[in-house]
Amino acid sequence: MPARQTALMRMTPAPRLARLTVLSACALLSVSAACSRVPQLEDRLPADLRSQPYPELLPLDTALAQEPLPEEESAALSDALDARADRLRRRAEALRSRQP
């Protein structure tokens, strides 16, 4: 039993060449567009900043703030809420016991 041929296998060299030409043209257009200058973006920089050097780049580890892990943060929040709930219950019990 012969294997089924896909549409790509049945193509003659002419459509393949046309497809390759179209893909090459698209790649060339996107590369040329990426290299073009955009005056609207270049004019946004004030004149006094144009002469300034680029800022120093920092490693990502030092640039980002060291945040606690979500598990630790949620555990601390849960403990704080539990403690507050206990204080409010004791306060409510104290208020109930004072009323005649």
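The values are calculated or read from the model by the stated rules, or taken from the named source; none is laboratory data. These numbers were taken from a predicted model, which means no experiment stands behind them. Glycine gets a Cβ as well: all are built from the backbone with ideal geometry, and neighbour counts include every protein chain shown. What goes into the accessible areas is simple: the full protein's heavy atoms, side chains included, and nothing from ligands, DNA or RNA. Shrake-Rupley method; radii C 1.70, N 1.55, O 1.52, S 1.80 Å.
For ARG16, the criteria (1) modelled with pLDDT under 75; (2) surrounded by 10 or more Cβ atoms within 10 Å (Cβ to Cβ) hold in every case but one, which is (1).
Checked against (1) open to solvent by 100 Å² or more (accessible area, probe 1.4 Å); (2) of a type in the set (A, V, I, L, M, F, W, C); (3) at pLDDT 80 or above, MET1 meets all criteria but (3). What are the residues in the stretch 31-69 that are at pLDDT 85 or above and surrounded by 10 or more Cβ atoms within 10 Å (Cβ to Cβ), if any? Passing the criteria: none in range.
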